[in-house]
Amino acid sequence: MSKGKCILAYSGGMDSTISVVWIKEKYDLDVITLTVDLGAGPEIEGVKEKAKQAGAVEAIVLDVKEEFVTEYIFPALKAGAMYENVYALSTALARPLMAKKLVETARKFGAGYVSHGCTGKGNDQVRFDSSIKTLSGNGESIEIIAPAREWGMTRDEEKEYAKKAGLELREIGKNQRVYSIDRNLWGLAIEGEDLEDTWAEPPEDAFSWTNSLDKTPDKPEIIDIQFREGMPISINGKNMSGVKLIEFLNNLAGKHGIGRVDHLENRLVGIKSREVYETPAAVVLYNSIIALETATLSREQQRIKSFLSQNYSDLVYDGRWFTMLRENIQTFMNSVQQFSTGDIKLKLYKGSCNVIGRKSKFSLYDYDMSTYSSTDSFNHSSAVGFIDIYSLPSRIQAKKQKFNDL
Ligand code: ARG
């Protein structure tokens, strides 16, 4: 009888390479590795060879960058998704897509198992497991194996497995910090090492996409981003695919030191953790879309949107991407963005990106209404009647109830 199969989400890193051997031994399964290219690394070069060398029967690499942008990043951008107002959810948005690819690949190969490298302490296990279970929940049986959550290995056992996987264990220099990093097109998440002391400033070697302020250009740079229905389509008049546009902004804004985030974060599993992020493009685009909305949305639309943005961000963070509620809110967000078409002008300089101009053919800003100049067309005299009725309830209540020392 042929052995069962397991589709393993594979980054090419040490833990995931060890997992190939571990799953084969502990579960007696054929391992097929699946490397999902979400942009910006991890290095996918040589990843197939590495997987095969560790004993994988097949190694698949999928480029999902375009799908990541159009189906996950841009919908989240339209929804103003910023967890706790600072985290652009780069890792959190990638997990449901990875889970989807694991399930699709399991179906394609008739595999009864899928596997991911999450530990038992973070948010990512919840995002993977919930998404996998939801997507395969219709009578299918796909079991989840999470080696790093299950194995409880000592350093020596790890070394032994690494040897079996054909890995040379890197001897890490005494002064070299080894952060835990997750990286994709939408951002870079850095954890561990000195960052675990919440009082210590993040060391410069924690960062790789953004310049420190003393290394940023001394001249500001002004850019113009064009949006159509809440999605960025071009920069300085040059059309770009979503992937290219994000890459371009990561580079440019990173050069100006924009997008460094230092956050003490509420994890879903109940602990607080120090998280450092580099999300240059996300910060620029988020600020831009919010600025565009100040022109194209009514005050009430802005308020409801901002309220729902927080719910939406929590859903994404909490691994509830594949839920009806997330889709319901998405529908509202798509609808609210239908007139977010226009230009935002920004000044990038020394770590900040300031909006210095906005225009849209749908802008609700009416010059003649707002101006203090002679073209003013606002009806000043009707303000008197408006205020009379507007203040009526408070005046009556003040008279009858004499509150507030009246
Ligand atoms: N705290 C973030 C999140 O839960 C990022 C986790 C990324 N993992 C890492 N190894 N740095 O989405």
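Each reported figure results from applying straightforward, stated rules to the coordinates on display, with no laboratory input. Please read all numbers here as calculations on a predicted model, not as lab measurements. Heads up, the Cβs are rebuilt from the backbone with ideal geometry, glycines too, and the neighbour counts pull from every protein chain shown.
Structure values in brief
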read-out: Mean separation of Cα contacts under 8 Å (6+ apart) over length of the stretch 1-93, as relative contact order %; value: 25 percent
read-out: Label-to-label distance, nm, for residues given as S391 and M240 (7 Å Cα→Cβ offset); value: 5.3 nm
read-out: Those trypsin sites (Lys or Arg not before Pro) in the stretch 339-406 that DSSP places in a loop and that have at most 10 other beta carbons within 10 Å; value: K361, K402
read-out: Pair-distance profile P(r), taking every C-alpha pair of the chain, with 20 angstrom steps and integer %; value: 23, 49, 22, 6, 0
read-out: Order of T216, T279 under a 10 Å beta carbon neighbour criterion, fewest first; value: T216, T279
read-out: Residues whose placed amide H lies under 5 Å from that of D37, excluding near-sequence neighbours; value: L62, D63, V64
read-out: Length released on extending from K26 to F378, taking residue separation times 0.36 nm less the Cα-Cα span; value: 119.1 nm
read-out: The chain - percent relative contact order, Cα under 8 Å, separation 6 or more; value: 17 percent
read-out: Antiparallel bridge percentage (DSSP; both residues within the chain; nearest 5); value: 70 percent
read-out: Candidates Q330, Q176, Q302, ranked by Gaussian network fluctuation over the chain, Cα under 10 Å, top entry; value: Q176
read-out: Rg(Cα)/(2.2 N^0.38 Å) for the stretch 274-406, N = residue count; value: 1.50
read-out: GNM flexibility winner over the chain from G120, G270, G41 (Cα, springs under 10 Å); value: G270
read-out: Beta bridge orientation in the stretch 1-116: antiparallel %, DSSP, nearest 5; value: 5 percent
read-out: FRET E, pair I356, E140, Förster distance 41 Å, beta-carbon r, rounded to 0.05; value: 0.20
read-out: GNM result for the chain, Cα springs below 10 Å: residue of G139, G80, G166 fluctuating most strongly; value: G139
read-out: For the stretch 78-86, 3J(HN,Hα) per residue [Karplus equation, 6.51 cos²θ - 1.76 cosθ + 1.60, θ = phi - 60°, Hz, x = Gly/Pro]; value: 4, 8, x, 6, 9, 5, 6, 6, 10
read-out: The stretch 379-392 - phi-based ³J(HN,Hα) in whole Hz, Karplus 6.51/-1.76/1.60, Gly and Pro as x; value: 7, 5, 6, 6, 4, 4, x, 4, 5, 4, 6, 4, 8, 4
read-out: Whole-angstrom gap from the stretch 129-202 to the stretch 256-329, using each part's C-alpha centre; value: 25 Å
